[in-house]
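Chemist: Just dropping this structure here.
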Amino acid sequence: MARHDDAHKLAAPAADELDARKAAILNAVVTEYIGSAQPVGSQHVVDAPGVNVSSATIRSEMAALEREGYLVQPHTSAGRVPTDRGYRFFVDHLGGTGTLDATGRQQVRRFFEQAHGEIEQMLERTSGLLADLTDCAALVVGPSHESATVRSAQLVGLAPRVGLVVVVLSDGAVQKATVDLPDGAGDEVLARAGACLAAGVRDASLAHLPTELAPAGDPVVDAVAATALAGLRSLVDDEAPEHVFVGGSSRMAAAFDAVETVRSVLTILEQQLVVVSLLRDVLDRGLSVAIGTEHGVEPLASCAVVVAPFSVDGEELGTIGLLGPTRMNYPQALAAAQAVGERLSGRLSEAGR
C-alpha cells in the first residue's frame, strides 16, 4: 500500500490554497452535502469546527468560494454545493485515509476470518464486502495468474478416457483443465504421469511452462504426461488478462437522480476492459482518488473513483476500486479501500505459502 503516502494528490498546475477560515467553511459545506445531498446554507455551517464567525460572514465567504470555483449555487434562493474543485481540496486536506468505525472493522475482520475457497470466489465476495461498507459500486481487479508459480500439480481420472489436471498457484489460485486420455491410462499410469507433471512444472510460472517433460521410460506414461502438460499450457491461452468482479452496481441507481447518468454508469461497469484501464490509469498517475473529469472517462463525469492496490510480498497483484457520485463519503471510502486491501494482501500471502 505504499502509494498511499502521497495518495490523494493530483499533479495539478498549482496547488489550491485557502486561508484557514475559508478552508473550514468549505470543509463544512462538503461534509454537510455528502451527508444530506441538499444544497448547504450558512445556517448549517455556523457551528462547524474552525468556523466561529457570524452567518453574514459565512455567506460572504461562501460567495467568495463560489467565485473561486469551489462552490456553486444551483438556484438563487438555494444554498451551495461543492464543485469538483471543492471536493479535490477537501480530499487533499483530509490528513490521511482515516480508519473504519468499529462496526466496519469488525465486519472486515469477520469476513477474512471466514474467507475460504479459490481466489476468484474470494475476490468476488470481497467486492460485495466493499459495497456493503461504502454503499458504492465496488470493483476488484484480480491477477492474471501468468506470473504466479506452480506450487503443486495433480492429474486425476474423471472417466475412462477423461482426466483432470489441477494446479495450485503461488497466489492461492486453483486452475483446472480437462484432458482426453489414451487407452490404457489406468490409475497407475495416471499416478506416474501426474508425478512427472508435478516434478516438471513445480516453481515454473504459467507464462513459462516447459515445452516437454523428462521421460519416464514408459511410452504410455510419457504420452499421458505430455497430454496433461498441454492441457496446463492451454490455461494461459484461454485466460483473460484480468478478472474483474463488480459488487453493488445496483446501488448506483439510488445515488443519482438522472436516469441517463445511471444508465451510463451501469454501461461502463459492464465493460471490463474500460474498468481495468480506468483503475490502472488512476494508480499510474499516483492517485488514490479521481474526481469528476479527472479520471478522463466522460460518461463517469458525475462520479468519483477511489482506488487501492493489493499485493503479495511487495508485488502488486490487483486493484480495489470504489465508484460513486462525486459526493461520496471520501474518508469512509478511503478507509474501507485501505483496510480491505491490507487484509486481502495478507490473506493472499497466507494462501501462497
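Bear in mind that the values in this text are calculations on the coordinates, not laboratory data. Just so it is clear, the model here is predicted, and its values are computed rather than measured. Ideal geometry is used to build each Cβ from the backbone, glycine not excepted, and the neighbour counts take in all protein chains shown.
Chemist: Looking only at GluC sites (Glu not before Pro) in DSSP loops with at most 16 other Cβ atoms within 10 Å, what is the longest site-free stretch of the chain?
Modeler: Here the longest run is 271-353.
Chemist: Further, regarding this structure: Name the residue, out of Val45, Val306, Val289, whose mean-square fluctuation peaks in a Gaussian network model built on the chain with Cα pairs under 10 Å.
Modeler: Fluctuation is largest for Val45.
Chemist: Name all residues of the stretch 22-52 having a backbone nitrogen under 14 Å from the label point set 7 Å from the Cα of Ser60 along its Cα→Cβ direction, giving them as ranges.
Modeler: 22
Chemist: Just to compare against my own numbers: the Cα pair-distance distribution for the stretch 151-238, 5 Å bins, whole % per bin, please.
Modeler: Cα pair-distance distribution for the stretch 151-238, in percent: 3, 16, 30, 27, 15, 7, 1, 0.
Chemist: Let me ask something else about it. Roughly how compact is the chain, stated as its Cα Rg over 2.2 N^0.38 Å to two decimals?
Modeler: 1.27
Chemist: So what is the 222 nm mean residue ellipticity for the chain from helices alone, if each DSSP H run of at least 4 adds -39500 (n - 2.57) and you divide by all residues, rounding to the nearest 500 deg cm²/dmol?
Modeler: Calculated mean residue ellipticity at 222 nm is -14000 deg cm²/dmol.
Chemist: What residue among Ala102, Ala195, Ala225 has the largest mean-square fluctuation in a Gaussian network model of the chain, using Cα springs under 10 Å?
Modeler: Ala102
Chemist: Let me ask you something else. Springs between alpha-carbon pairs under 10 angstrom, Gaussian network model over the chain: which of Cys136, Cys196, Cys303 fluctuates most?
Modeler: Cys196
Chemist: Using +1 on the beta carbon of Lys and Arg, -1 on that of Asp and Glu, and nothing else charged, what's the dipole of the chain about the Cα centre, debye to 20?
Modeler: Taking the Cα centre of the chain as origin, the dipole is about 960 debye.
Chemist: Right, another one. Let me test this: with uniform point scatterers at the alpha carbons of the stretch 225-353, what is the Debye-based log₁₀ I(q)/I(0) at q = 0.11, 0.13, 0.15, 0.20 1/Å?
Modeler: -0.47, -0.62, -0.78, -1.19
Chemist: To continue, here is another question. Find, to one decimal place in angstroms, the Kirkwood hydrodynamic radius of the stretch 281-327, where the mean of 1/r is taken over every pair of different Cα atoms and then inverted.
Modeler: So the Kirkwood estimate lands at 11.2 Å.
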